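Chemist: Structure below; questions to follow.
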Amino acid sequence: MRCPLFPADEPERLAALRNYGFADERSLPDLDPVVRIATRMFDMPIAAVNMIGNDHVFFAASTGIGEVDMSRDVSFCAHAILQQGIMVVHDARTDERFHDNPLVTGDGGIRFYAGIPLRSLDGHALGVLCVIDTKASRPFTAEDEARLVELARMAEDRLELRRIDVCAREAPLENGSEPIAVDLRPPAGIDALTGLDDRAQFYRQVEQALLHGTAAAVILLDLDGFKDINSILGPDLGDEILQLTAHRLRDGAGVDALAVARLGGDEFAVLAPIEQVATALALAARLQDTIGTAVELASQEVRITASCGVALAPAHAQEPVTLISNADLALYQAKAGGAGGRAVYAPDLRSAATERHVYCLDLHRAATSGEFVLFYQPQVRLADGTLTGAEALIRWMHPTRGLLTPAAFLPQLEKGRLVGAVGTWVLDEACAQAARWMRSGVEDFRIAVNIFGAQFHYGDLVRDVAHALGRYGLPSEALELELTENIVLSSDDSVLDTLHRLRELGVGIAFDDFGTGYASLSMLTQYPLTRIKIDRSFVSRMLQSPREAAVTGAIIQIGRELGISLTAEGIETDLQRDYLSSRLCPEGQGYLFGKPMPAAMFETELARRPLSGPQASPRTYCGQAAPQ
């Protein structure tokens, strides 16, 4: 075993180590995320930040390491600090420097090692970030090396913050009597999680640039789908992703950037001295590419995408708040086009935002002034046309635009805070109406109510349902709640728990638009479903397309095998009805049986055609001639 040489700057290096506050050899918790990311990124059991002392090494952070010899003369990292770049040892047992090293020859000894020096601002190697495996000859590609460099920069940033704190803590008073007490919280204007500028500091930087007449571009970036990633991987890994994104963003912005900030949550910002749109878009694209490099976390590859909004001064604004607001409008436009989009501010974006704002005010007025109404669409038994129930569908009776269908307002409603209150109103109103019809003598009637995703997360849906049933004396089996696949796919385990509690009340649970999303068949067994609704897109094409016919038949067969009721949507012709009935689909709804109609019109139909007994002409439903 060969002892490592000492760097030529060894005295200065040790002095720098003391300047970074490692004289007491304590660990640095701020470096823990770095080593955790390293183990996941490279799928290795061991990662560490080793600081190299005079005759021994010590861990500033580590994971996966037990009791080991900390002598400098056996340390791999003591060799690594002599390198300008990364030191990679593919098989320590065949390397003349380490083959007889006790860290290698012992049980579970080191076989693979990759380490990169961590340097002070003036270039002295303080220590090493390393990843270690007990398996030999594993590949370490150029991409792996780039990732290790990236993590090393993250570690160096955190070391520099420590040095600043140490210097402040040890600064003497003017009379030289004793050290100044220092608040070790992050300095004002610094985001505690990422070390970037915070929102207030970014605004100040933009203000200073515009005051000096600097041509500048504000680029806002929002991580796509981060909420779902955070829910799946957990908040700790979510924080690590934000930290890694911050460092990638700082590297991608380059040394010419005037500011790089985290504005909050998963939103970041860059201020750069750019005056041309094309140049700003090129920088935005580079930042997106930098952020989007895959990372291995929790034994799975995670790839982050970001949407970008760009605004320039003086072209788009000459005032800081307006410039940032314009970039935010551009970001909104970019996100509307899907993940990974980019957009530049244009005046019509502000006009559209004004329209959205007015529309939001309209929605608030509608919710408080009783402008929302419910229409009811019949659901029938296909074998004989017996009316089995109705689906409650929201409409907006707008004072100037007339009757609006959900397509005109639900997307905007679902983005705001009103959606929970409106959903509760729909549930309450539908239960009240169903109870009135049942008190008038209607039996075996089922009311179906669509549920918004927000109702699972705001308020208490189980309580609201129980309250509505109790208030109106409606039997629980007379209520069926419909939810789409997207609600299930974009939610966490709390949704499943809520559905089980609702099912315990005796309420039916229907999967709406089944087959149009990405739900797996396993969800049919995981969720307490009582009904599958076959989407109208399959029904409309099943007589012309063997594929749609096969899918429709498969859904019917699966439902029957699992004991789940079925309703086909969008039935418009006798041929469609007969085809579905012949394949034992029990129920359906669609224009053949009746369009959505106000409660008064539906009551007329109830009086005209009871839910049991002799039926009207098989080609006449709900007072309407069936389309051919």
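Nothing in this text is a laboratory measurement; each read-out follows from the coordinates by a stated rule. This is a predicted model, so every value here is computed, not measured. Note that each Cβ is placed from the backbone with ideal geometry, even for glycine, and that neighbours are counted across all protein chains shown.
Chemist: Given a cut-off of under 8 Å on Cα pairs at least six residues apart, what relative contact order in percent is computed for region 10-170?
Modeler: Computed value for region 10-170: 25 percent relative contact order.
Chemist: Which length gain, in nm to one decimal place, applies between E301 and C360 when the Cα-Cα distance is subtracted from 0.36 nm times their residue separation?
Modeler: 17.3 nm
Chemist: Which distance in Å, rounded to a whole number, links the C-alpha centroids of region 521-583 and region 450-480?
Modeler: If you average the Cα positions of each part, the centres end up 27 Å apart.
Chemist: Answer with one residue from Y345, V295, A334: the one whose Cα lies farthest towards the positive end of the charge dipole of region 199-345, charges on Cβ with Lys, Arg +1 and Asp, Glu -1.
Modeler: Y345
Chemist: Could you give the spread of the C-alpha atoms of region 199-345 along their three principal axes, from largest to smallest, in whole angstroms?
Modeler: On the principal axes, region 199-345 reaches 49, 28, 21 Å in Cα extent.
Chemist: For a quick check: with amide H placed at 1.01 Å from N, whose amide H comes under 5 Å from Q379's, ignoring anything fewer than 5 positions away on the same chain?
Modeler: Result for Q379 returns T388, G389, A390, E391.
Chemist: Give me the dipole magnitude in Debye, nearest 20, for region 368-611 about the Cα centre, with unit charges on the beta carbon: positive for Lys and Arg, negative for Asp and Glu.
Modeler: Computed about the Cα centre, the dipole is about 380 debye.
Chemist: Quick query: amide H of E587 versus all other amide H atoms, modeled in the peptide plane; which residues come in under 5 Å with a sequence gap of 5 or more or a different chain?
Modeler: Close amide H contacts, sequence-distant or interchain: L382, L566, A568.
Chemist: Further question on the same structure: Quote the charge dipole size of the chain about the Cα centre in Debye, to the nearest 20; the model charges only the Cβ of Lys and Arg (+1) and of Asp and Glu (-1).
Modeler: My answer is approximately 2180 debye.
Chemist: If you take every residue apart from L118 with its C-beta less than 11 Å away from the C-beta of L118, what net charge results, scoring Lys and Arg +1 and Asp and Glu -1?
Modeler: 0
Chemist: Using the number of other C-beta atoms within 10 angstrom as an exposure proxy, rank I52, I274 with the fewest first.
Modeler: I274, I52
Chemist: State the Kirkwood hydrodynamic radius of the chain in Å, one decimal place, computed from all pairs of distinct Cα atoms.
Modeler: Taking every pair of different Cα atoms in the chain, averaging 1/r and inverting gives 29.4 Å.
Chemist: 5 Å is the cut-off here: which amide hydrogens, built 1.01 Å from N in the peptide plane, fall below it relative to G341, excluding neighbours closer than 5 in sequence?
Modeler: C308
Chemist: Angle between the Cα long axis of helix 199-211 and the longest principal axis of the chain, 0 to 90 degrees, nearest 10?
Modeler: Helix 199-211 sits roughly 80 degrees off the main axis of the chain.
Chemist: Given the chain, what percent of its DSSP beta bridges are antiparallel, to the nearest 5?
Modeler: In the chain, DSSP labels about 70 percent of beta bridges as antiparallel.
Chemist: Modelling each spin label as a point 7 Å along the Cα-to-Cβ direction, I'd like the A8/E207 distance in nm, to one decimal.
Modeler: Those two pseudo-labels are separated by 4.9 nm.
Chemist: Taking the dipole about the Cα centre of the chain, with the C-beta of Lys and Arg at +1 and of Asp and Glu at -1, give me whichever of H467, L244, T279 is farthest to the positive side.
Modeler: So the residue furthest toward the plus end is H467.
Chemist: Over 19 Å, how big is the tail of the calculated P(r) for region 371-472, in percent of all Cα pairs?
Modeler: So the portion of pairs separated by more than 19 Å is 49 percent.
Chemist: HN-Hα J couplings of region 80-89 from phi, Karplus 6.51/-1.76/1.60, θ = phi - 60°, integer Hz, Gly and Pro as x?
Modeler: Going residue by residue, I get 5, 5, 7, 8, 7, x, 8, 9, 10, 10 Hz, with x marking Gly and Pro.
Chemist: Got a sec to turn the phi values of region 471-487 into Karplus ³J(HN,Hα) couplings, 6.51 cos²θ - 1.76 cosθ + 1.60 with θ = phi - 60°, whole Hz, x for Gly and Pro?
Modeler: 4, 9, x, 8, x, 4, 6, 7, 10, 10, 9, 9, 9, 8, 4, 4, 4
Chemist: Take the Cα gyration tensor of region 434-508, multiply each eigenvalue by 5, square-root it, and list the three semi-axes largest first, rounded to whole angstrom.
Modeler: Listed largest to smallest, the semi-axes of region 434-508 are 25, 12, 10 Å.
Chemist: Once label points are set 7 Å from the Cα along Cα→Cβ at both R436 and R381, what is their separation, rounded to one decimal in nm?
Modeler: 2.7
Chemist: Ratio to report: Rg/Rh of region 368-611, with Cα atoms as the point set and Rh obtained by the Kirkwood method; give two decimals.
Modeler: 0.94
Chemist: Can you give the longest stretch of the chain with no exposed loop site, where a site means GluC sites (Glu not before Pro) in a DSSP loop (not H, G, I, E or B) with at most 15 other C-beta atoms within 10 Å?
Modeler: Counting at most 15 other Cβ atoms within 10 Å as exposed, the longest clean stretch of the chain is 444-628.
Chemist: I've got another one for you. Assign unit charges at the C-beta atoms only (+1 for Lys and Arg, -1 for Asp and Glu), then state the dipole size of region 1-136 relative to its Cα centre in Debye, rounded to the nearest 20.
Modeler: About 280 debye.
Chemist: Now for a different question. Would you please give the FRET efficiency between D460 and L233, computed as 1/(1 + (r/R0)^6) with r the Cβ-Cβ distance and R0 = 30 Å, to the nearest 0.05?
Modeler: For D460 and L233, the calculated efficiency is 0.65.
Chemist: In addition: Using the 2.2 N^0.38 Å rule of thumb for compact globular proteins, work out how region 271-328 stacks up: its C-alpha Rg over that value, please.
Modeler: Relative to the rule-of-thumb radius for its length, region 271-328 sits at 1.44.
Chemist: Further, regarding this structure: Which whole-Hz ³J(HN,Hα) couplings does region 139-151 yield from phi under the Karplus relation 6.51 cos²θ - 1.76 cosθ + 1.60, θ = phi - 60°, glycine and proline marked x?
Modeler: x, 9, 7, 4, 5, 4, 4, 4, 5, 5, 4, 4, 5
Chemist: Using 7 Å Cα-to-Cβ label points, what is the D69/E477 separation (nm, one decimal)?
Modeler: Taking the two extended label points, one gets 7.7 nm.
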